[in-house]
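All remarks here apply to the structure that follows.
Just so it is clear, none of the values below were taken in a lab; they were calculated from the coordinates. In this text the structure is predicted, and so the values were computed from the model without any measurement.
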Amino acid sequence: MLHIISQSPVEYSVLDRIDPGDQVLFIENAVLSLIEGGRLTSNLIQLQKKAPLFILAPDLETRGIDKENLVAGIESIEYTDFVELTVQNKVIHSWC
């Protein structure tokens, strides 16, 4: 399953619904929750042990955030990669 998270702040309950093998994409204002040292840092580090985390690069750029400021291990992707994630996953859940 692909989880697309756009809400900010990201709720702990949303992260709790991610299962091993799922993929997670953070877009829009949700990218603000991925900054190293933020309230979700430890949760995101633990979450990466069971699911890959992605962030949409244009949304980072729009908000003036450098990849180096994110929790380590989160992969920055472009729109073409976003499309590929949607093709790979039969089930997609958007968290708005």
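Worth a mention:
- Inspection of region 44-61 finds a residue satisfying the criterion of being acidic (D, E) and within 25 Å of E84 (Cα to Cα).
- Restricting region 69-96 to residues that are part of a helix (DSSP H, G or I) and of a type in the set (V, I, T), the residue that is farthest from Q23 (Cα to Cα): T80
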